[in-house]
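Encoded as structure tokens, the structure appears first; notes follow it.
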Amino acid sequence: MIYIVTAMYAEARPFIESFGLKKDISQTRFQVFRSREAEICLLISGSGPIAAAVAVSSVLAQSRTGREDFLVNAGICACIQGRFRQGDIFLCSKIRELASGRTFYPDLLYRHEFREAQIITGARPCDGTEQKEPLEEGFCLYDMEAAAVYQAGAYYLGPHQMSFLKVVSDDGNARHLTLDLIGRLMEENREGIADYIKVLQAAACGQRREAVFTQETEALFERLCADLHCSRVMSEALRQHMRYFVLSGTDFESVLEEMYREGRLPCKDKREGKKCLEELGKRLL
């Protein structure tokens, strides 16, 4: 199942139309739209971190989430650093919660055409006074839901199963934003987001196919887990990587042989293994 989370109906409408979603009238606390054929569940949480966390937890708690499930948080945001055009879309690789200072890192495992950015989540609309610490080089976005969605989703899904797609609506001055404008910005990015969701659907389908891994591939997976000193989360990320490469016909074994020749593998500890796993993804995606 692909779970799409938006804060407002204006953000959700393009997906409801694209995937032919129907309202789930059994859900009375939040607006939920589903397509059993496409295996998509869209949730409109309401604005703000508390609403987002409660809504995501409520829906995921009713589901039997597993390896084949993905969560996509899609919506508008402010861009508080970097040159941007209204309507630009980003995939978030780093999420920082303003209130606690905690940072979260979704694993970006699947091929995409989006620019990447970090995002800060606050409890109120951006007014330009939120950022107290120096920002990293590159784009920095601001919203009110991403960190809450990540933390609620993490009770049910791994970092490699959550994606955060944000469309820039303003530079922190949201006085001129209207629901019509929000809907138009999301509509302009409908095709790109829908294509990404289809990639996740293909990965979910692959998760359910028993014969994706041959005995040789499974043996290679076990060897890599040992050589990378994989934790449970790293092991799941590695399996997702390899399943995607197998299904897409990517020659990942040649890249692995090269990394062994270079001495990048095996790794001496888990920290080194995590960096090596990230490098493997970058070389192949």
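Residue count for the stretch 118-155, restricted to those that are more than 28 Å from Ser235 (Cβ to Cβ) and either among the hydrophobic types (A, V, I, L, M, F, W, C) or at pLDDT below 80 (or both): 19.
Residue-wise test of (1) touching a residue at least 40 places away in the same chain (Cβ under 8 Å); (2) among the charged types (D, E, K, R).
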| residue | (1), (2) |
| --- | --- |
| Gln86 | yes, no |
| Phe90 | yes, no |
| Ser93 | no, no |
| Arg96 | yes, yes |
| Tyr105 | yes, no |
| Glu113 | yes, yes |
| Thr121 | yes, no |
| Pro125 | yes, no |
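The residues of the stretch 11-39 that are out of contact with any Gly (no Cβ under 7 Å at 6 or more places or on another chain) and part of a helix (DSSP H, G or I), listed by number, are Ala12, Pro14, Phe15, Ile16, Glu17, Ser18.
So which residues in the stretch 89-113 are open to solvent by 20 Å² or more (accessible area, probe 1.4 Å), assigned to a strand (DSSP E or B) and more than 18 Å from Glu191 (Cβ to Cβ), if there are any at all?
Step one: of the stretch 89-113, the residues open to solvent by 20 Å² or more (accessible area, probe 1.4 Å) are 89, 93-94, 96-103, 105, 107-108, 111-113.
This time we only want the ones that are assigned to a strand (DSSP E or B), so: 89, 93-94, 96-97, 103.
Correct list: Ser93, Lys94, Arg96, Glu97, Thr103.
Scan the stretch 70-88 for residues that are in contact with a helix residue (DSSP H, G or I) (Cβ under 9 Å, 6 or more places away or on another chain) and buried (at least 22 other Cβ atoms within 10 Å of the Cβ) and the total you get is 8.
For Ser57, are the conditions met, namely being surrounded by fewer than 18 Cβ atoms within 10 Å (Cβ to Cβ), out of contact with any Asp or Glu (no Cβ under 6 Å at 6 or more places or on another chain) and farther than 16 Å from Met144 by Cα? Don't jump to the end; show me each part of the working.
Details: surrounded by fewer than 18 Cβ atoms within 10 Å (Cβ to Cβ): yes; out of contact with any Asp or Glu (no Cβ under 6 Å at 6 or more places or on another chain): yes; farther than 16 Å from Met144 by Cα: yes.
Considered against the rule, which asks whether it is surrounded by fewer than 18 Cβ atoms within 10 Å (Cβ to Cβ), out of contact with any Asp or Glu (no Cβ under 6 Å at 6 or more places or on another chain) and farther than 16 Å from Met144 by Cα, Ser57 comes out as yes.
Annotation: of all residues in the stretch 1-36 being modelled with pLDDT under 95 and of a type in the set (A, V, I, L, M), the one that is surrounded by the fewest Cβ atoms within 10 Å (Cβ to Cβ) is Ile25. Read through the list (1) surrounded by fewer than 17 Cβ atoms within 10 Å (Cβ to Cβ); (2) under 24 Å from the mean Cα position of the chain (by Cα); (3) at pLDDT 80 or above, then give the number of the only condition that Val233 fails. Of the numbered conditions (1) surrounded by fewer than 17 Cβ atoms within 10 Å (Cβ to Cβ); (2) under 24 Å from the mean Cα position of the chain (by Cα); (3) at pLDDT 80 or above, the odd one out for Val233 is (3).
Residue-by-condition table, conditions (1) at positive phi; (2) open to solvent by less than 50 Å² (accessible area, probe 1.4 Å); (3) in contact with a strand residue (DSSP E or B) (Cβ under 8 Å, 6 or more places away or on another chain); (4) not hydroxyl-bearing (Ser, Thr, Tyr):
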position: Asp143; (1), (2), (3), (4): no, yes, yes, yes
position: Ala146; (1), (2), (3), (4): no, yes, yes, yes
position: Glu191; (1), (2), (3), (4): no, no, no, yes
position: Phe213; (1), (2), (3), (4): no, yes, no, yes
position: Glu218; (1), (2), (3), (4): no, no, no, yes
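For the stretch 265-285, the set of residues classified as part of a helix (DSSP H, G or I), closer than 8 Å to His229 by Cβ and open to solvent by 40 Å² or more (accessible area, probe 1.4 Å) consists of Lys270, Glu272, listed by residue number. For residues in the stretch 219-250 being in contact with a Pro (Cβ under 8 Å, 6 or more places away or on another chain) and aliphatic (A, V, I, L, M), which is nearest to Asp107 (Cα to Cα)? Per the stated criteria, the residue is Ala237.
Selection of the stretch 160-189 for residues being at pLDDT below 95, outside any strand (DSSP E or B) and buried (at least 19 other Cβ atoms within 10 Å of the Cβ) yields His160, Gln161.
The values are calculated or read from the model by the stated rules, or taken from the named source; none is laboratory data. Since this is a predicted model, take the numbers as computed values, not measurements. With ideal geometry, Cβ positions are generated from the backbone for all residues, glycine too; neighbour counts draw on all protein chains shown. Heads up: the accessible areas ignore ligands, DNA and RNA and are worked out on the full protein's heavy atoms, side chains in. Shrake-Rupley method; radii C 1.70, N 1.55, O 1.52, S 1.80 Å.
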